[in-house]
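Enquirer: One structure follows; several queries about it will come next.
The values are calculated or read from the model by the stated rules, or taken from the named source; none is laboratory data. Note that this is a predicted model, so its numbers are computed, not measured. Methodologically, a virtual Cβ is constructed for each residue, glycine included, from the backbone with ideal geometry; neighbour enumeration extends over all protein chains shown.
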Ligand SMILES: Nc1ncnc2c1ncn2[C@@H]1O[C@H](COP(=O)(O)OP(=O)(O)OP(=O)(O)O)[C@@H](O)[C@H]1O
Ligand SMILES: [Mg+2]
């Protein structure tokens, strides 16, 4: 698929932007703090209605606009599809002050002019974004990895997204009931209804995560091999909160154990059906019931999942060098492009922010080769010379200054050594 146009109002340092985008490679150059990352962020926002970072979405609204309750953030774009049937779509996300005050903002999504739930936006424009800080995927907290899995899977499977949204509501309701049971007592049987929901939705989410991670691993291993001249074999391991191989009685004892403490080495999680997961989930839930009531918290389920990355049987989170973590993250993102392309029959739009700066020559060359299969990629850089003259010739070249984007003068981009 292709994003053919992007229109921004009050998005970060872009007060106003109208930009036509070409398919193939687009290289966006600019000095520091001019708006390169913001531009990719805007595309990501249009695709997911989320900021790449879990945080306050209001931060995306232009500072000056935030002082005025009549001004709002708007991102709009046109998407052209490769798949037969749907040819072009217009997507729009608006973040506007509610109740005439900039203290709170509300979001509105439109697809082809029709108001839709934010949930339903995801999947219309599929993107894979690589930011320098995405190394956090390997090195950061489990919640970063769960967020990554959720956004990737939501883009591929609308069903996953719906289950996830209901699951999150179930967790809230169930936690409220657990709190009530703890504070005011009552029959624990009241939990049965929420347990059933939790198990059914949770098993679906975990089964799909299991599938996605194994598909990712296959593709990422190839990428890692290429990026490291065959030296590194990458394993991507799912660490589900509920593993049918575990004995429910043991689960109750192990709950507080962090995954880091579990034995080193690669012990792949055996693929399970949603039913197997559901049965194990139900049994393990029963075993932790009293602890859940004491904690007033749902202690098992996909909201407690994690995954890890191993090279030479060692967890990259603990033992990986920064370069290794970065390469693994890149391999993962390129693998995500591949899995998305295979499952949706359309290549997603690839957004690479400042990806070259920390890569050595051979990794740069491997990365650029990998772009051949992508129908549209936007890459940012501070320095044209990070890209070979041949690559620069093949790309559409844009220049960003102070939130304005223009075609780059030719002599700046191709004629220098
Ligand atoms: N909500 C906002 N409103 C206005 N400006 C903002 C907002 N958020 C960030 N900025 C500013 O926008 C400018 C562009 O930021 P951006 O991260 O896009 O720069 P960049 O071109 O990627 O720079 P670098 O090369 O350093 O990564 C920065 O000066 C930043 O401080
Ligand atoms: Mg930047």
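Enquirer: From the set of residues in segment 338-365 that are under 17 Å from residue 128 (Cβ atoms) and in a helix (DSSP H, G or I), which is nearest to ligand 1 (Cβ to nearest atom)?
Expert: Checking each candidate, the answer is 340.
Enquirer: Here's another thing I want to ask about it. Give just the number: which of (1) exposed (fewer than 15 other Cβ atoms within 10 Å of the Cβ); (2) away from ligand 2 (no atom under 16 Å from the Cβ) does residue 89 not satisfy?
Expert: In the conditions (1) exposed (fewer than 15 other Cβ atoms within 10 Å of the Cβ); (2) away from ligand 2 (no atom under 16 Å from the Cβ), residue 89 misses (1) alone.
Enquirer: I would also like to ask the following. Looking at this structure, is residue 57 at pLDDT 95 or above, within 11 Å of ligand 1 (Cβ to nearest atom) and closer than 27 Å to residue 133 by Cα?
Expert: Working: at pLDDT 95 or above: no; within 11 Å of ligand 1 (Cβ to nearest atom): yes; closer than 27 Å to residue 133 by Cα: yes.
No, not satisfied.
Enquirer: Got a sec? Which of 201, 177, 191 is more than 19 Å from the chain's Cα centre (by Cα) and touching a residue at least 60 places away in the same chain (Cβ under 8 Å)? Give the derivation first.
Expert: Working: 201 fails: touching a residue at least 60 places away in the same chain (Cβ under 8 Å); 177 fails: touching a residue at least 60 places away in the same chain (Cβ under 8 Å).
Step by step, each of 201, 177, 191 is checked, and only 191 is more than 19 Å from the chain's Cα centre (by Cα) and touching a residue at least 60 places away in the same chain (Cβ under 8 Å).
Enquirer: Would segment 28-35 turn up any residue that is under 20 Å from residue 128 (Cβ atoms) and either in contact with a strand residue (DSSP E or B) (Cβ under 7 Å, 6 or more places away or on another chain) or in contact (Cβ under 8 Å) with a residue 24 or more places away in the chain (or both)? Lay out the reasoning, then the answer.
Expert: First pass over segment 28-35, keeping only residues under 20 Å from residue 128 (Cβ atoms): 28.
Checking the rest, the ones that are also either in contact with a strand residue (DSSP E or B) (Cβ under 7 Å, 6 or more places away or on another chain) or in contact (Cβ under 8 Å) with a residue 24 or more places away in the chain (or both) come to 28.
Yes, segment 28-35 contains a residue that is under 20 Å from residue 128 (Cβ atoms) and either in contact with a strand residue (DSSP E or B) (Cβ under 7 Å, 6 or more places away or on another chain) or in contact (Cβ under 8 Å) with a residue 24 or more places away in the chain (or both).
Enquirer: Out of curiosity, is residue 214 surrounded by fewer than 18 Cβ atoms within 10 Å (Cβ to Cβ), under 16 Å from the mean Cα position of the chain (by Cα), touching a residue at least 40 places away in the same chain (Cβ under 8 Å) and assigned to a helix (DSSP H, G or I)?
Expert: Working: surrounded by fewer than 18 Cβ atoms within 10 Å (Cβ to Cβ): yes; under 16 Å from the mean Cα position of the chain (by Cα): no; touching a residue at least 40 places away in the same chain (Cβ under 8 Å): yes; assigned to a helix (DSSP H, G or I): yes.
No.
Enquirer: Out of curiosity, is residue 160 crowded, with 16+ Cβ neighbours inside 10 Å, modelled with pLDDT of 95 or more and more than 19 Å from residue 45 (Cα to Cα)? So that I can check it myself, show each step before the final result.
Expert: On the way: crowded, with 16+ Cβ neighbours inside 10 Å: yes; modelled with pLDDT of 95 or more: yes; more than 19 Å from residue 45 (Cα to Cα): yes.
Taking the combined requirement at face value, the residue satisfies it.
Enquirer: Further question: Residue 136 fails exactly one of the following numbered conditions: (1) in contact with a strand residue (DSSP E or B) (Cβ under 8 Å, 6 or more places away or on another chain); (2) farther than 23 Å from residue 211 by Cβ. What is the number of that condition?
Expert: So the condition that residue 136 fails would be (1).
Enquirer: Do we have residue 31 as within 12 Å of ligand 1 (Cβ to nearest atom) and in a strand (DSSP E or B) here?
Expert: Values: within 12 Å of ligand 1 (Cβ to nearest atom): yes; in a strand (DSSP E or B): no.
The answer is no for residue 31.
Enquirer: For segment 369-383, enumerate the residues that are surrounded by fewer than 18 Cβ atoms within 10 Å (Cβ to Cβ) and in a helix (DSSP H, G or I). Walk me through how you get there before you give the answer.
Expert: Taking segment 369-383 first, the residues surrounded by fewer than 18 Cβ atoms within 10 Å (Cβ to Cβ) are 369, 372-373, 375, 382-383.
Hits for segment 369-383 are 369, 372, 373.
Enquirer: Here are some conditions: (1) assigned to a loop (DSSP other than H, G, I, E, B); (2) over 22 Å from the mean Cα position of the chain (by Cα); (3) within 12 Å of ligand 1 (Cβ to nearest atom). Residue 66 meets all but one. Which one does it not meet?
Expert: Residue 66 satisfies every listed condition except (1).
Enquirer: Give just the number: which of (1) outside any helix (DSSP H, G or I); (2) closer than 28 Å to residue 150 by Cβ; (3) away from ligand 1 (no atom under 15 Å from the Cβ) does residue 52 not satisfy?
Expert: Just one mismatch for residue 52, condition (3).
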